[in-house]
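Heads up, the thing below is written out as structure tokens.
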Amino acid sequence: MERHNAEKRIEELRSLLNKYSYEYYVLDKPSVPDSEYDRLLKELQDLELEYPDLMTPDSPTQRVGGQILDMFRKVTHDIPMLSLGNAFNEADLRDFDRKVRQAVGDQYEYVCELKIDGLAVSLKYENGIFVRGATRGDGTTGEDITANLKTIHSIPLRLSQPLTLEVRGEAFMPKHSFLGLNMQRENNGEVLFANPRNAAAGSLRQLDPKIAASRKLDIFLYSIANAGGVNISSHSEGLDWLDTLGFKTNQERRKCDNIDEVIDYVNGWLERRPHLPYEIDGIVIKVNSFAQQEVLGTTVKSPRWSIAYKFPAEEVVTTLLDIELNVGRTGVVTPTAILEPVKVAGTTVGRATLHNEDLIREKDIRIGDTVVIKKAGDIIPEVVNVVLDQRTGEEVEFRMPTHCPECESELVRLEEEVALRCINPKCPAQIREGLIHFVSRNAMNIEGLGEKVIAQLFDEKLVEDVADLYRLEREQLLKLERMGEKSVSNLLQAIEKSKGNSLEKLLFGLGIRHVGAKAAKTLALEFQSMDRLVGTTVEELTSINEIGEKMADSVVTFFQQEEVLELIQELTVLGLNMEYTGVRPVVSSEDDESIFFGKTIVLTGKLEQLTRNEAKEKIEMFGGKVAGSVSKKTDLVIAGEDAGSKLKKAEELGITVWNEEKLVEELSRRN
Ligand code: IVH
């Protein structure tokens, strides 16, 4: 075809294909069969091949996924992408409404929308052409995922008017695409995605856009970030305008005149939610008038004119098959429920911690019971209650053993503790867990010594105490499972390197009761050397600001033990540094910080690896704020052993809950 004609035909084809895409993907009303679309697309592809210079970034041929990227570029959002405050019940919604009325009076309107469970993205158009799409990231900086977003057919590559604007919305994977994808992955023996949100996020974070193209993603736009000079005065007008430009917005939105209507809308969707073709995790409520939005303003994190009502956590019923006991580093014996695997909130759950015997009694949990489980804060599985009318009489009451399941020595319940402990210092479980602790990040930080390797070394009797780690030889390590030349060399190097660690790392690693990472640092700083610390007294210790009676006692008792002094002697001979050598500055990337950054965190229950103060300091170091009580403003609750009313409240409010292990893991990833 002649160039002149090709140019004309290309333009014609693009218009037609855009129109068909819009009808099919946005309006859900196709006007031509798929085969016709494919035929025209092929014609366009051929013409663009013949005249590559006529190719443009907004061509429909771009949707099939082009070149593989090396990495995603960082994008700074011109206008930050905030998130929303949460409401978990009617009272929260009424509270929100009261504040709105206080600020703007009684003349106002809400828009209620479905809260789509996907990931927030921002789309930028210049002169009507889609030029850049980005993830939310930490709200300030996201990643450029333009190539992947172009594969979403409901995103117009060219608008009906040559406008420059930025819009925001939620990219998601419809339920049927998700099911299809997982079926395909199962057939291929690939790991399944836990839920549509993860699948959508996983697809958009692929460097090869062809993968996103194959994943059938979709989008609903829900706000205009920046539309320079357009005359719109409310959110609902904005959404209607987005419709006219060719964007896909969610049509289930409703205007409500008061909070009662909002609550009706919320309750209606609580019931209808399972019938939607995509997942929602709540309802978003927004004050409609832009002028009133401005009066209400925003906090650093979220607008005051909007709130997200979160649906309650999913609860499911399953059978409790058994109760397993685990002995931790400090000898605490923890019961864990072994469950008939069941899907809860997107993942399969087979275990749930039962915390301690008191909790088992309180809930009257028996082996063989039908139990209701949920994920606290959608993360940690737990038994909510027993379904009593399903009891057959065959269920077996559980008794905590009187003796340690690992070493058979008698268990004791220390004063004021709910937990049962094995106090045999030679208990293999405690030694193994102690070794795992010794090599962990905050302690000696020996990379390559994971739990599995430690367990093998211990079972093979190659390592019986921490000193043995420094006596390991190449040949011994080579005999272990999955340990090749390279990993053995790396491991030996890491062990060697750890000898030079500053004193606090060794102190923390030794696992002195009540001495967490922060206290270890205080001790190392104050005493400068192991020698001086070994000879200290309770008086000297308690004169230090941050050290209380309990810790002082524990330190002194620790260093009075003959075995401890011998161990320190051995470690010195093996070449371990016993001096304080200064603090290593904390280096962390922006992304790493953001998990705690700006978050309000509440600590509750007994922490084992860190003291409250250490956890607080660490969280603050990464930009988080530690608060004393749980409220709607809380972002995260860290629940240690025997957490009580605060954990309960957090669950009622649907706040994310982590256990200590998860906290330590996240903190140490940033260390
Ligand atoms: S409005 C200032 N509307 O929920 C933030 N968000 O924390 C404006 N979401 O990050 C967000 N559906 O990813 C809004 N109809 C909807 C939404 C929605 C889903 C997501 C969005 C946001 C999070 C709220």
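Numbers for the structure displayed
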{"read-out": "Residues of the range 273-290 satisfying the condition of being within 16 Å of the ligand (Cβ to nearest atom), farther than 15 Å from ALA308 by Cβ and surrounded by fewer than 18 Cβ atoms within 10 Å (Cβ to Cβ)", "value": "LEU276, PRO277, PHE290"}
{"read-out": "Subset tally (residues that are within 16 Å of the ligand (Cβ to nearest atom) and over 20 Å from GLN251 (Cβ atoms)) for the range 100-119", "value": "2"}
{"read-out": "Tally, over the range 217-254, of residues that are among the charged types (D, E, K, R), under 19 Å from PHE130 (Cα atoms) and either part of a helix (DSSP H, G or I) or away from the ligand (no atom under 15 Å from the Cβ) (or both)", "value": "1"}
{"read-out": "Condition check for ALA627: of a type in the set (Gly, Ala, Ser) and farther than 24 Å from LEU84 by Cα", "value": "no"}
{"read-out": "Residue in the range 558-570 that is outside any helix (DSSP H, G or I) and at pLDDT below 80 present", "value": "no"}
{"read-out": "Residues of the range 14-47 classified as assigned to a helix (DSSP H, G or I), closer than 18 Å to THR151 by Cα and either touching a residue at least 60 places away in the same chain (Cβ under 8 Å) or not small (Gly, Ala, Ser) (or both), total", "value": "20"}
{"read-out": "Scope the range 37-94; condition within 16 Å of the ligand (Cβ to nearest atom) and in contact with a Pro (Cβ under 7 Å, 6 or more places away or on another chain); matching residues", "value": "LEU82"}
{"read-out": "Tally, over the range 515-547, of residues that are crowded, with 16+ Cβ neighbours inside 10 Å and part of a loop (DSSP other than H, G, I, E, B)", "value": "5"}
{"read-out": "Residue match in the range 56-67 (condition: assigned to a helix (DSSP H, G or I) and exposed (fewer than 14 other Cβ atoms within 10 Å of the Cβ))", "value": "no"}
{"read-out": "Filter result (within 16 Å of the ligand (Cβ to nearest atom) and either in a strand (DSSP E or B) or in contact with an Asp or Glu (Cβ under 8 Å, 6 or more places away or on another chain) (or both)) within the range 137-164", "value": "GLY137, ASP138, THR141, GLY142, GLU143, ILE152, SER154"}
{"read-out": "Test: residue in the range 300-311 that is farther than 24 Å from PHE178 by Cα, out of contact with any helix residue (DSSP H, G or I) (no Cβ under 6 Å at 6 or more places or on another chain), modelled with pLDDT of 90 or more and away from the ligand (no atom under 16 Å from the Cβ)", "value": "no"}
{"read-out": "Single residue of GLY328, GLY368, GLY346 found to be modelled with pLDDT of 95 or more and either within 16 Å of the ligand (Cβ to nearest atom) or not charged (D, E, K, R) (or both)", "value": "GLY368"}
{"read-out": "Filter result for VAL131 (away from the ligand (no atom under 13 Å from the Cβ), modelled with pLDDT of 95 or more and over 29 Å from ASP260 (Cα atoms))", "value": "yes"}
{"read-out": "Odd one out for VAL262 among (1) within 16 Å of the ligand (Cβ to nearest atom); (2) under 29 Å from GLY137 (Cβ atoms); (3) more than 24 Å from the chain's Cα centre (by Cα)", "value": "(2)"}
{"read-out": "Residues being farther than 21 Å from GLY105 by Cβ and crowded, with 18+ Cβ neighbours inside 10 Å - total across the range 255-272", "value": "3"}
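Here's the yes/no breakdown for (1) in contact with a strand residue (DSSP E or B) (Cβ under 8 Å, 6 or more places away or on another chain); (2) modelled with pLDDT under 95:
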residue	(1), (2)
LEU503	yes, no
ALA519	no, yes
VAL534	no, no
ILE544	no, yes
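The values are calculated or read from the model by the stated rules, or taken from the named source; none is laboratory data. Everything quoted here is computed from the prediction, not taken from an experiment. Cβ: placed from backbone, ideal geometry, glycine included. Neighbour counts: every protein chain shown.
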